[in-house]
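S.K.: Take a look at the following structure, please.
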Amino acid sequence: MIRLELGLLLRDRAAVAVSFVFLVLAVVSSLVSARHVRVHSDALETARVLAVGARDTARAALPEDTSAPLAARDSRDPAFVGRELGALAPLAPAPLASVSHGLRDTRPQVFRVTTGPLESAALTATAPMRGPSRDATGPFDPAFVFVVLFPLVAIALSYDLLSGERERGTLALLLSQPVTQRQLVASKAAARGLLLGATGLVAAAAGALVAGDALFTSMGAVYAAGIAAYALFWFALAIAVNSRGWSSAQNALVLVGAWLLLVVIVPGLLRAFVEARYPPPSRVELVNEAREAAEEAEAELGAIVGTHGTATPPNATQRAAAVQEELARRTEPVIAAFRQQRDLQQATVESFQVASPAIVLQELFNDVAGTGARRQQVFEDAVDRFHREWRAWFVAAKDRHLTAVDYAGLPAFSSAEPPGALQASLWRLAILMVPGLILLAAALPGLRRIGRLA
C-alpha cells in the first residue's frame, strides 16, 4: 500500500511541484545564509590580521634602550599598550553555522578587550546587506524555511488524507478490501511522510554541502532528526484533524489555522511577553550612562598620558592603570544590568518553548548552528574572564617597561564549547517528538468511528 501511494504521489504533478519548490527554497536559503557566514568569517579574519599587525608594529618599535624615559604612545608603556593595543576575542562560526542565524545578528560575536571597559567590535555577518526590509523580516536561512514553510508543505500533502477518499466515494470501496482503517491511514500518511521527509533531508544535506558545512557530525544527525520530528508532528496533526470526519475544506482551514497559531501567533506573543516582563535597558541609555561614567576618568587619563610626543610625567603609568581600573569598575554594573535582563528573557523563552513546536525547532536549530543562547553565554563568560586577565596582567606590569619577551607573553583569548550541548539538543528533540505521538494516540478513536461510518 505504501508503494502504491508513493507511485500515485510521484504521478501527481502538484505534489511533485510543491516538493521541488521546497527543495529549491531550502538550497537557496543555505546559499544566502552561507554568504552571511562567509562575510562574518572574513571580517573576523581581517580583524585578526590587523590586530596581529598592530602588535607586531608595536613590538618592532621597541627601542634598544628599554630604560630610556617613556614618551607619549610609547610601545614600552603598559598603560598605553593595554589601553590602545588590546586583543580581539571572537566567537568563531560553528561547523553548521549556515543552518540558523540565531543570535548572530543581535548579540556581539567579537569583543575588543582592553584595560578599559569591554567593547563589542563593529563586525557583523550582515553589515553589507542590512536594510529596513532585512531588519523587519529576519534572515532567510534554512531554519526559516523548515520552521515556517515546511509545515505548509506537509499540510498541502495531508489535509485530505481521508476526507478526499470519502468525497470521491472511494473510502467505502477501499475498506471493503482486506485492509483495516489503521493500515489505510498509516500507508497514506507514511507515503506522504516519506516523500516530504526525503525532500526535507535531501534539501538539508544539499544546502549544508553547498554552504560548505560539516554535515556528517553528531549535530548533523540532530539536525536531520529535528526535521523528521517536526514532520511527524504536522502529519500527526493532519491525521488527528482527518479523524474528525470533516470535509477537506474544513480540514485545510483548521490545519492552516493551527500553523498560524503555532508558528506565527504563539512565538510572537511569547516574544512580546518576555520583552514586557523583562525589558532590557535602552541601548541609547546604556551608551549614555557608560559615557557619563567614563567621561571624568577619560579626561584624567588623557591628562596623565599627554600628547604630541611629550614625555610622560613621573608615575604616569601607575596613575593611568588606576584610572583605567576605576573606569572599568564604574561601567561594569551598567553592562551587567543589560546582560541580566537579556539572560532573563532567554530563560523565559526556554521555560515556555513547549507552547509551540516551532519555538522548540528554532531553538534546536540555533544549537545545531552554534548560534544559540548557551554557546553565546559561554563565549561572553569567557570574554569576561579574559578581560579580567588582561587587566590584571597590565596592572602587574605597571611598574616596569615592556620588552619583546612581554609582547610574546601577552594573554591570549580562548573559548570552549558549552558543556552538554549535544545532550541539551537531544532533550529538545525529545520535547519535539512528544506532541506528535500524543496526537497520533488521540486520533485512533476517531479513525475507528470513521471506519464504521464508511
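S.K.: Go through (1) in a loop (DSSP other than H, G, I, E, B); (2) under 24 Å from VAL147 (Cβ atoms); (3) among the hydroxyl-bearing types (Ser, Thr, Tyr) and name the single condition SER67 misses.
M.R.: (2)
S.K.: Suppose we filter region 150-181 for residues that are without any contact (Cβ under 8 Å) to a residue 12 or more places away in the chain and either in contact with a Gly (Cβ under 6 Å, 6 or more places away or on another chain) or within 21 Å of LEU260 (Cα to Cα) (or both); how many remain?
M.R.: 0
S.K.: Restricted to region 189-217, and to residues that are touching a residue at least 40 places away in the same chain (Cβ under 8 Å) and outside any helix (DSSP H, G or I), which residue is farthest from SER33 (Cα to Cα)?
M.R.: THR217
S.K.: Here is a follow-up. Search region 34-64 for residues being modelled with pLDDT of 85 or more and in a loop (DSSP other than H, G, I, E, B), and hand back the single one that is surrounded by the most Cβ atoms within 10 Å (Cβ to Cβ).
M.R.: The selected residue is LEU62.
S.K.: Another one. Would you kindly identify the helices (runs of 4 or more DSSP H) lying entirely within region 244-306 that contain at least 3 residues that are modelled with pLDDT of 90 or more?
M.R.: Hits in region 244-306: 248-259, 266-277.
S.K.: Test PRO78 against the stated conditions and say whether it is touching a residue at least 12 places away in the same chain (Cβ under 8 Å), surrounded by 23 or more Cβ atoms within 10 Å (Cβ to Cβ) and not hydrophobic (A, V, I, L, M, F, W, C).
M.R.: yes
S.K.: Can you pull out the residues in region 8-31 that are of a type in the set (Gly, Ala, Ser) and closer than 10 Å to VAL145 by Cα? Write out each step before concluding.
M.R.: Start the filter on region 8-31 by keeping residues that are of a type in the set (Gly, Ala, Ser), which leaves 14-15, 17, 19, 26, 29-30.
Passing the criteria: ALA26, SER29, SER30.
The values are calculated or read from the model by the stated rules, or taken from the named source; none is laboratory data. Since we're looking at a predicted model, the values are computed, not measured. Cβ coordinates were reconstructed from backbone atoms using ideal geometry, including for glycine residues, and neighbour counts include every protein chain displayed.
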